[in-house]
Every structure is written in C-alpha cells, then in structure tokens.
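Input: a single structure, listed below in structure tokens.
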Ligand SMILES: *Cc1c(COP(=O)(O)O)cnc(C)c1O
C-alpha cells in the first residue's frame, strides 16, 4: 500500500489540486520544482542548520516516568513543545521560507486561525527579511490578541477577514484571493498538510524530521527504532503526519490520531472530521470534511483553537479509509483533565491541542512492555487563559 502522494498529489482517491485558473502557472511552478529544490544539497544544508541552531532541534525524546507508572506502560514524549515559538509549526515555516527564497519570491502571505501559524510565519519572515502579510478572521483577531501582537512585533501586517463566519476558513479564502491578485512575486505559506498539491506532501516532508529523529532516539533509549504506538492530535494533521511519516510502512507500529470531539460527538459542537465528515473539496483538495447535506461547510468547534478545522488533510482521509491509522477523539473535558495531569505528573504544561493526544491514554489497553510515543506538539503558554477560566485557578 502506498500512503504518500503520487505525482498529481493524490493519496488514493483524495488530494489533487482544484485551484482557480488564475493560479495555475504559480501552482504548477511549485509542483514542478518543490522536490528538486528540497533535494538540493544547499537547500538541505540550510534547512538542517536552521532546524539545529534556530529551532533548537533535535527535540528531546523524553521518558515520562511518572506518567508511565500511572498507565502501566512505557511512555515517551516527543518534545516539539521545546521548539522555538513553542510548537512543531516552525519546522514547516522554515522549510517553506527557504522554498520561497529559492523560487525568487518577494512577499509572503499566510492564513491563520488561532495565530500560531501566523506567528511561525512572521518569525521566519523576520529571520529572512521578507515582507509578510497574515490574513486572520476578524473574530479570531479579537479573541487571540497576544498572537496578533506577536505578529506585529515581528513586523508582519495582519489583515482582518470580514466575510462569512470571520474565522479560519474565511482567512484562507482571503489569502487565496490575495494570491490571485499577486501571483508572480508572492509565495503562500500554508500551515498544515491541507490545501492543493503540493502543499500536503511538502508540509509532511518538512514535518517528517519528527519521526526521523524518533527512529534514532528510540534506538538509543530502547535499542529498537520502532515503538508499539505513536499518538498525535489532528487539526489539519501536520504534526501527526510528521510523527507518522517514517513509520507508515512499518505495519507493527500502531498509529493513533486524535481529533477534537469538542462538547461531544453528537453535540453539534465538535471537530471530529473522520467520524462526522464526508468526502468533499475544501481549499483545493479532495478530502473528508464536515458539511451539511447541501455541501455547506459546518463551522467546527473545539476548546483548542488549533484543532477546530472543518477538514483533515487528504493524506489523513486516505490513512483513515485504508485503516492504516486509527482515529480516536477526545472531548474538551477529557483533554483539559489530561493536560492538567501532565502538569502534575511531569512538570510539563502542554498545549491544549497536545492534551487531546494525552487524553486517549486511558482509552487504549497497553501492555506493560509496550513502548508508546506521544507527540507533544506544543507548549501551553498560549493557553494559560483557557486553563485559568476552565479550572478557575
Ligand atoms: C496548530 C497546532 C496543532 C494542529 O495542527 P496540525 O496541523 O494538525 O498539527 C496541534 N498542536 C499545536 C500545538 C498547534 O499549534
């Protein structure tokens, strides 16, 4: 079974590139050049060097002793929370800014929901001295004020998206519109394994450094590259794709993806795309998404802003359909409880997105000798207000 994209960007029946005609030349340029550029020695060298000295990689693989004892198995945490800017997203934006430079682009645009991808993009634009515009829903601008301030401090222009529900999908539409108006000198940095070909494949490759490191780190710790389980949360799916990438063909490694069930699968307020979604096209890609019977996108909900995307990337739709990856879900309450448990047991405050991955530990029957890796996608600093309001600290 092939779990990666073919030349046209298809994962089985999912993926592809459904873009407006005005964007064909720009998208084709990227499709034709991305693999060649990524394979150039000079590109690899610059990418590796920034991952090491700027992001702080390799991120540690930490044996969580007290958490392991609680669940009676061996649990490791892949510490993406320790990266510069606090999550895995920087791995991808570093890769894409180098891609933009190689393609001779002069301006960067990006969309953001909670602002995490916007901050990661503004960061790499400051790093390379390239002009940056971030599109963000008007409602998100109001509720994510600290990230808006961060982007501005980093020199980015934040443009409100005023249409529709004034959230992430509207910001994405604005970004695509801006790209159509400026196709030649502008590069669009997408923040997850979503959108049209080649973005899902390119972003997965940039994030694959996560599982590449896991292999040698597990060899060091356990004298075995392969764990029994890898668990990661899924919004669009990029940290999960990166954590699974080098294990997709190791069928003995069980891969678990965790979606946000919000207030409950049947509550009408969730983001559990694989359970509730149907095939459709979103942001230029055929995938699974939450939609009404007449094809309107359903507004997703999760307490964690990074998981409330109404779709998943096309690779995840394929991994779901082929059953290579098992998709579980966790509610707001389950995630908050699991996040607080990690604080108390290990002294690590996780991002609420990552807490969803922790929340399935009590839903799986592990053996004592099992090796379980949880991809800790980000740290909880950005979520302090949400934790405070939820627990009344
Ligand atoms: C954005 C984000 C996610 C969700 O995005 P994916 O593309 O699904 O990885 C998860 N965790 C953190 C910390 C994030 O910032």
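The values are calculated or read from the model by the stated rules, or taken from the named source; none is laboratory data. Just so it is clear, the model here is predicted, and its values are computed rather than measured. Glycine also receives a Cβ, built like all others from the backbone with ideal geometry; neighbour counts cover every protein chain displayed.
Take the residues in region 262-284 that are in a strand (DSSP E or B) and more than 15 Å from the ligand (Cβ to nearest atom), then tell me which one is nearest to residue 337 (Cα to Cα).
Result: 278.
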Matching option when the condition is at pLDDT 95 or above, surrounded by 15 or more Cβ atoms within 10 Å (Cβ to Cβ), in contact with a helix residue (DSSP H, G or I) (Cβ under 6 Å, 6 or more places away or on another chain) and under 26 Å from residue 356 (Cβ atoms), among 167, 121 = 121
query = What number of residues within region 353-388 are within 23 Å of residue 213 (Cα to Cα) and surrounded by fewer than 17 Cβ atoms within 10 Å (Cβ to Cβ)?
reply = 1
ask   = Consider residue 203 against the criteria (1) surrounded by 15 or more Cβ atoms within 10 Å (Cβ to Cβ); (2) at pLDDT below 95: it satisfies all of them except one. Which criterion is unmet?
value = (2)
request  = Quick one: which residue in 61, 23, 77 is within 16 Å of the ligand (Cβ to nearest atom) and either more than 19 Å from residue 93 (Cβ to Cβ) or at pLDDT below 95 (or both)?
outcome  = 77
message = Please determine whether any residue of region 285-308 is assigned to a helix (DSSP H, G or I), farther than 26 Å from residue 118 by Cβ and modelled with pLDDT of 95 or more.
response = no
Number of the exception - residue 167 against (1) farther than 22 Å from residue 316 by Cβ; (2) in contact with a strand residue (DSSP E or B) (Cβ under 6 Å, 6 or more places away or on another chain) = (1)
task = Output the residue which, of all residues in region 96-118 that are within 14 Å of the ligand (Cβ to nearest atom) and part of a helix (DSSP H, G or I), is farthest from residue 37 (Cα to Cα).
result = 116
query = Across region 309-343, what is the number of residues that are at pLDDT below 95 and either closer than 30 Å to residue 66 by Cα or touching a strand residue (DSSP E or B) at 6+ places or on another chain (Cβ under 7 Å) (or both)?
reply = 2
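Do you know which residues across region 206-220 are over 22 Å from residue 324 (Cα atoms) and surrounded by 15 or more Cβ atoms within 10 Å (Cβ to Cβ)?
217 - this is the single residue of region 206-220 that is over 22 Å from residue 324 (Cα atoms) and surrounded by 15 or more Cβ atoms within 10 Å (Cβ to Cβ).
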ask   = Across region 299-352, which residue is farthest from the chain's Cα centre (by Cα) among those that are buried (at least 24 other Cβ atoms within 10 Å of the Cβ) and more than 29 Å from residue 283 (Cα to Cα)?
value = 339
key: Pick from region 147-158, criterion in contact with a helix residue (DSSP H, G or I) (Cβ under 7 Å, 6 or more places away or on another chain) and not in a loop (DSSP other than H, G, I, E, B), ranking: farthest from residue 381 (Cα to Cα)   = 158
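What do you reckon, is residue 77 in a helix (DSSP H, G or I), touching a residue at least 40 places away in the same chain (Cβ under 8 Å), under 30 Å from residue 363 (Cα atoms) and over 14 Å from the mean Cα position of the chain (by Cα)?
For residue 77, the condition - in a helix (DSSP H, G or I), touching a residue at least 40 places away in the same chain (Cβ under 8 Å), under 30 Å from residue 363 (Cα atoms) and over 14 Å from the mean Cα position of the chain (by Cα) - is not met.
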request  = Taking only region 117-136 into account, find how many residues are more than 19 Å from the chain's Cα centre (by Cα) and within 24 Å of residue 377 (Cβ to Cβ).
outcome  = 4
task = Go through region 167-246 and tell me which helices (runs of 4 or more DSSP H), entirely inside it, have 2 or more residues that are within 16 Å of the ligand (Cβ to nearest atom) and under 12 Å from the mean Cα position of the chain (by Cα).
result = 199-207, 238-244
remark   = Going through region 32-46 in order, the residues found to be more than 21 Å from the chain's Cα centre (by Cα) and part of a helix (DSSP H, G or I) are 32, 33, 36, 37, 39, 41, 42, 43, 44, 45, 46
